[in-house]
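Read the figures in this text as sums done on the coordinates, not as results from a lab. All values derive from a computational prediction rather than experimental measurement. Because the Cβ atoms are built from the backbone with ideal geometry, glycine has one as well, and the counts that use them run over all protein chains shown.
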Amino acid sequence: QRERTFIAVKPDGVARGLVGEIIARFEKKGFVVVGLKQLTPTKELAEAHYAEHKERPFFGGLVSFITSGPVVAICLEGKGVVAAARLMIGVTNPLASAPGTIRGDYAIDVAKNIIHGSDSVESSTRELKLWFADNELLAVATPN
Ligand code: CMP
């Protein structure tokens, strides 16, 4: 089933120069970039994106971190991309992420885990609407 997912390279990943490496992994896997832009998220966007974590003690820090600098927002398309991208990313805690995953290879800190990926098809639909306007996404992707 072809799907779309929302990926964000967080401010730490951008600052560390990991954007190209991260996009290359997804492209080599066979997924297609159908949306791509760099922006520093507003507080409103960050709070909406992380709404499910509103009551968590780390919510304030999470919002200030994600708004602290440029983020690279990516929409990927491909067969089973939502779950597959999560497998490629690893788990929330980079120290528990297997080597070979993005977090397992490049991060050690749960708060600075360099990348976000939607956790379900429903989340990807919600997040893509928050981060991209319809005309910023390719209507038709070339499958590879
Ligand atoms: P992400 O997958 O983007 O979704 C929620 C984020 O909250 C998660 O990545 C982490 O960066 C962050 N997070 C989760 N748990 C903690 C924690 N205990 N302390 C700080 N940040 C956290």
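Could you check which residue among 100, 13, 30 shows the biggest mean-square fluctuation in a GNM of the chain with a 10 Å Cα cutoff?
100
What residues have an amide H closer than 5 Å to that of residue 3, excluding those fewer than 5 places away on the same chain, when H is modeled at 1.01 Å from N in the peptide plane?
Under 5 Å from the amide H of residue 3 lie the amide H atoms of 78, 79, 80, 81, each far enough along the sequence or on another chain.
Compare the Cα positions of 117, 68, 41 along the charge dipole of segment 15-120 (+1 at Cβ of Lys, Arg; -1 at Cβ of Asp, Glu; about the Cα centre) and return the one farthest towards the positive end.
Selected residue: 117.
So, in Å, what gap is there between the alpha-carbon centers of segment 88-144 and segment 20-53?
One Cα centre to the other: 6 Å.
Counting Lys and Arg as +1 and Asp and Glu as -1, what is the net charge of the other residues whose Cβ lies under 14 Å from the Cβ of residue 60? Walk me through the numbers before you get to the answer.
Numbers: positive: 43, 54, 56; negative: 47, 55.
Around residue 60, the charge tally is +1.
Report the gain in length on full extension from residue 51 to residue 105: 0.36 nm times residue separation, minus Cα-Cα distance, nm rounded to one decimal.
Numbers: separation 54, 0.36 × 54 = 19.44 nm, distance 2.82 nm.
So the chain would gain 16.6 nm between residue 51 and residue 105.
Quick check on my link table: of 43/112; 10/43; 43/79, which ones sit more than 26 Å apart, alpha carbon to alpha carbon? Write down the numbers at each step before the final one.
On the way: 43/112 18 Å; 10/43 14 Å; 43/79 33 Å.
In this structure, 43/79 exceed 26 Å between Cα atoms.
Please give the net charge around residue 129, taking every other residue with its beta carbon less than 12 angstrom from that of residue 129, where Lys and Arg add +1 and Asp and Glu add -1. Write down the numbers at each step before the final one.
On the way: positive: 4, 126; negative: 122, 127, 134, 136.
Summing Lys/Arg as +1 and Asp/Glu as -1 gives -2.
Compute the distribution of all C-alpha to C-alpha distances in the chain, in bins of 10 Å from 0, and list the percent of pairs in each, rounded to whole numbers.
Going out from 0 Å in 10 Å bins, the chain shows 12, 44, 37, 6, 0 percent.
Most exposed first by the Cβ proxy, i.e. fewest other Cβ within 10 Å, how do 79, 28 rank?
Taking fewest neighbouring Cβ atoms as first place, the list is 28, 79.
Using +1 on the beta carbon of Lys and Arg, -1 on that of Asp and Glu, and nothing else charged, what's the dipole of segment 11-95 about the Cα centre, debye to 20?
On the way: 10 positive and 8 negative charges, 50 e Å.
Rounded to the nearest 20 debye, it is 240 debye.
What order do you get for 3, 52 when you list them from fewest to most C-beta neighbours inside 10 Å? Present the calculation step by step, with values, prior to reporting the outcome.
Numbers: 3 19, 52 11.
Least crowded to most crowded, the residues run 52, 3.
Residue by residue, what Karplus-based ³J(HN,Hα) values in Hz, rounded to whole numbers, does segment 109-120 have, using 6.51, -1.76 and 1.60 with θ = phi - 60° and x for Gly and Pro?
Computed from phi, the couplings for segment 109-120 are 10, 4, 7, 10, 9, 6, 8, 10, x, 4, 8, 7 Hz.
Can you give the helix-only mean residue ellipticity at 222 nm for the chain, where every DSSP H stretch with n ≥ 4 adds -39500 (n - 2.57) and the sum goes over all residues, rounded to the nearest 500 deg cm²/dmol? Don't skip to the answer; put the middle values down first.
On the way: 7 runs with 56 residues, N = 144.
That comes out to -10500 deg cm²/dmol.
Quick check: net charge around residue 31, other residues with Cβ under 11 Å of its Cβ, Lys/Arg +1 and Asp/Glu -1?
Numbers: positive: 2, 4, 25, 28, 29, 79; negative: 3, 27, 77.
With Lys, Arg at +1 and Asp, Glu at -1, the neighbours total +3.
Most fluctuating residue of 71, 110, 33 in a GNM of the chain with Cα springs under 10 Å: which is it?
Taking springs between Cα atoms under 10 Å, the residue moving most is 110.
Charges only on Cβ, +1 for Lys and Arg, -1 for Asp and Glu: so what's the dipole of the chain about the Cα centre, in debye to the nearest 20? Could you put the intermediate results ahead of the total?
Details: 17 positive and 16 negative charges, 49 e Å.
Approximately 240 debye in magnitude.
Which length gain, in nm to one decimal place, applies between residue 29 and residue 16 when the Cα-Cα distance is subtracted from 0.36 nm times their residue separation?
Values: separation 13, 0.36 × 13 = 4.68 nm, distance 2.25 nm.
So the extension gain works out to 2.4 nm.
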